[in-house]
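No value in this document is a laboratory result; all are computed from the given coordinates. Keep in mind it's a predicted model, so treat the numbers as computed, not measured. Virtual Cβ from ideal backbone geometry, glycine too; neighbours counted across all protein chains shown.
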Amino acid sequence: MTQDLLPEDGAETGPGEADYVFSDQIGHLLRRAYQRHLAIFQRNACDPQLTSVQFVTLCAIRDNGPSSLIELVKSTAIDQATIRGIVDRLKARGLIRQTSDAQDRRKVINCLTDEGRQLLEDMVPCAKRISEMTMGQLNPAERLAVTHVLQKMIAQDGEE
């Protein structure tokens, strides 16, 4: 082994000797769980072109009514640059339409089309099945616990 490949100060760390194991860390575990969920979503969505973030955006418009981009950012927790692309794709597919706000003509409002409403109606049973599959073999107490813990973690947003 060449000298420049040796650890500094003669310290050697090998498998199992590090006090930080990335695969045990919350960020890594959350990312892996989310990747699993996305794969389940794509396999089980009633529309193979619909992504999970597009579905969430459609749900936000359904739940909150006609919404501006800023309102969608707040309700979905998707950043503005990303939500803009999502809205453009949903509009191109005819799932939403855009109108001007009655009070502020510069403000663009996103509304569901009949096709968007129908897709949501078709998708909700699939989404319930996707959530069920994502939870996998967790028992009812574990499902409640993981949901509670994740909601508690999210509630801390902005406190860092």
* Output the helices (runs of 4 or more DSSP H) that fall wholly within segment 31-122 and possess 2 or more residues being in contact with a Leu (Cβ under 7 Å, 6 or more places away or on another chain) and not acidic (Asp, Glu), or say none. => 52-64, 80-92
* Name the residue, out of GLN49, GLN42, that is more than 26 Å from VAL149 (Cα to Cα) and either in contact with a Cys (Cβ under 9 Å, 6 or more places away or on another chain) or not basic (Lys, Arg) (or both). => GLN49
* **All positions within segment 52-75 that are closer than 15 Å to VAL108 by Cβ, touching a residue at least 40 places away in the same chain (Cβ under 8 Å), in contact with a helix residue (DSSP H, G or I) (Cβ under 7 Å, 6 or more places away or on another chain) and not hydroxyl-bearing (Ser, Thr, Tyr)** => LEU69
* Asked: Does segment 111-121 contain any residue that is polar (S, T, N, Q), closer than 21 Å to ASP47 by Cα and in contact with a strand residue (DSSP E or B) (Cβ under 8 Å, 6 or more places away or on another chain)?
  -> yes
* Number of the exception - LEU90 against (1) within 16 Å of the chain's Cα centre (by Cα); (2) buried (at least 16 other Cβ atoms within 10 Å of the Cβ) -> (1)
* Asked: Which condition number in (1) surrounded by fewer than 10 Cβ atoms within 10 Å (Cβ to Cβ); (2) in contact with a Gly (Cβ under 6 Å, 6 or more places away or on another chain); (3) of a type outside the set (Phe, Trp, Tyr) is the one that GLN103 fails?
  -> (2)
* Asked: Is there any pair with a first residue in segment 23-51 that is more than 14 Å from MET135 (Cα to Cα) and a second that is assigned to a loop (DSSP other than H, G, I, E, B) and of a type in the set (Gly, Ala, Ser) whose Cβ atoms are under 9 Å apart and which are 6 or more apart or on different chains, and what are they?
  -> THR51/ALA45
